Amino acid sequence: MADTIDVNGVTRSFIVQLAEAKPAPLVIVLHGNTQTGADMAKWTSWPAVAKREGFGVVFPDGLNRAWADLRPLTKRAGRAPPAGTDDVGFIVALIEKFVTKGVADPKRIYITGLSNGGAMTMTMICARAELFAAAASVIFNLTDDMAQACHPAKQVPMLMINGTADPLIPFEGGRGSSRFARPGFWSAMKTFDFWRHVNGCDAQQTDVAELEHRDPSDPTSVTRISARRASGRDVLLYRVNKGGHRMPGGFPDARFPRIVGLLLGPQNRDIDGAEVIWEFFRKFP
């Protein structure tokens, strides 16, 4: 269902699929740059997973198809939201709306996003960690500007999914190989270590597991890297070996997947992004 909400005099739009049971867990899913909430609803399995597992899912729309994350506009690629856009306020308002209506459980609010949406996911944890039970960022790494501005109010379990052949958000950091890429990204492992430190996970206790390679025609594979909790909160990285700037899954993630493959690299089919993220989220009520 499409709907709108007023945020400081600005009309903001979103798509929502609510659970039958109330109150239920609520997952906020943020699209990538140039995309919309409808794209995430159509090209991911989030609606199907939410229906099967009995949680609500919201797909907000960024203004100008972009999110106002913690990076300066001069250091971003692609579209930018209008000056003064308050996306933190927008997402907080959505949470308050569904909690107040009694359809969302305030102790089971989760957030995830893809690319620019992954940046906004990390921004929300930096700015309003107290609202969330867990978070997941797909194909995004931190920058110096983001890390310096990030002061979470509490520890929030964090999952990451990153491809080693990502042309926009390079796994090893720096600047990607795409002509649209911008410099200044941390590596995926440095970003992983940042969240591990924030969450108090033991730096010496890391588990590495190679996941089953299910599709011989798929050139990618997946390695799961997890920081043991000890007294901290879980941090988990799905490293997609030879994977591109794509959401993993056994479904097309765009209208023209072959063209997207040429521009953004291969999509992994060994795991489904929404499935592994929900499996992670559900552990943290």
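Set side by side, the residues Asp253, Asp215, Asp202 differ, and just one is among the acidic types (Asp, Glu) and either surrounded by 17 or more Cβ atoms within 10 Å (Cβ to Cβ) or in contact with a His (Cβ under 9 Å, 6 or more places away or on another chain) (or both), which is Asp253. The number of residues in the stretch 203-240 being touching a residue at least 24 places away in the same chain (Cβ under 8 Å), assigned to a strand (DSSP E or B) and closer than 22 Å to Ala135 by Cα comes to 9. Counting only residues that are touching a strand residue (DSSP E or B) at 6+ places or on another chain (Cβ under 6 Å) and of a type outside the set (Ser, Thr, Tyr), which one in the stretch 6-22 is farthest from Pro60 (Cα to Cα)? Here the answer is Ala19. Quickly run through the stretch 43-57 and pick out the residues that are surrounded by 18 or more Cβ atoms within 10 Å (Cβ to Cβ) and either without any contact (Cβ under 8 Å) to a residue 24 or more places away in the chain or closer than 12 Å to Gly113 by Cβ (or both). Listed by number, the residues that qualify are Thr44, Trp46. Of Val260, Val240, Val235, Val208, all but one fail to be hydrophobic (A, V, I, L, M, F, W, C), surrounded by fewer than 20 Cβ atoms within 10 Å (Cβ to Cβ) and in contact with a strand residue (DSSP E or B) (Cβ under 8 Å, 6 or more places away or on another chain); the exception is Val208. Restricting attention to the stretch 271-285, the residues that are of a type in the set (D, E, K, R) and either buried (at least 20 other Cβ atoms within 10 Å of the Cβ) or not in a loop (DSSP other than H, G, I, E, B) (or both) total 3. Evaluated against (1) within 18 Å of the chain's Cα centre (by Cα); (2) loosely packed, with under 15 Cβ neighbours inside 10 Å, Arg224 falls short on exactly one condition, (2).
Among the residues of the stretch 51-105, those that are at positive phi and modelled with pLDDT of 95 or more comprise Gly54, Asn64, Arg65, Gly102. Put simply, of Ala24, Ala38 the only residue that is without any contact (Cβ under 8 Å) to a residue 60 or more places away in the chain and over 14 Å from Met247 (Cβ atoms) is Ala38.
Restricting attention to the stretch 137-170, the residues that are touching a residue at least 40 places away in the same chain (Cβ under 8 Å) and either of a type in the set (Gly, Ala, Ser) or surrounded by fewer than 21 Cβ atoms within 10 Å (Cβ to Cβ) (or both) add up to 11. For the stretch 178-192, the set of residues classified as assigned to a loop (DSSP other than H, G, I, E, B) and among the basic types (Lys, Arg) consists of Arg179, Arg182, listed by residue number.
The values are calculated or read from the model by the stated rules, or taken from the named source; none is laboratory data. Not measured: the values here are computed from a predicted model. Reconstructed Cβ throughout: ideal geometry from the backbone, glycine too, with neighbour counts over all protein chains shown.
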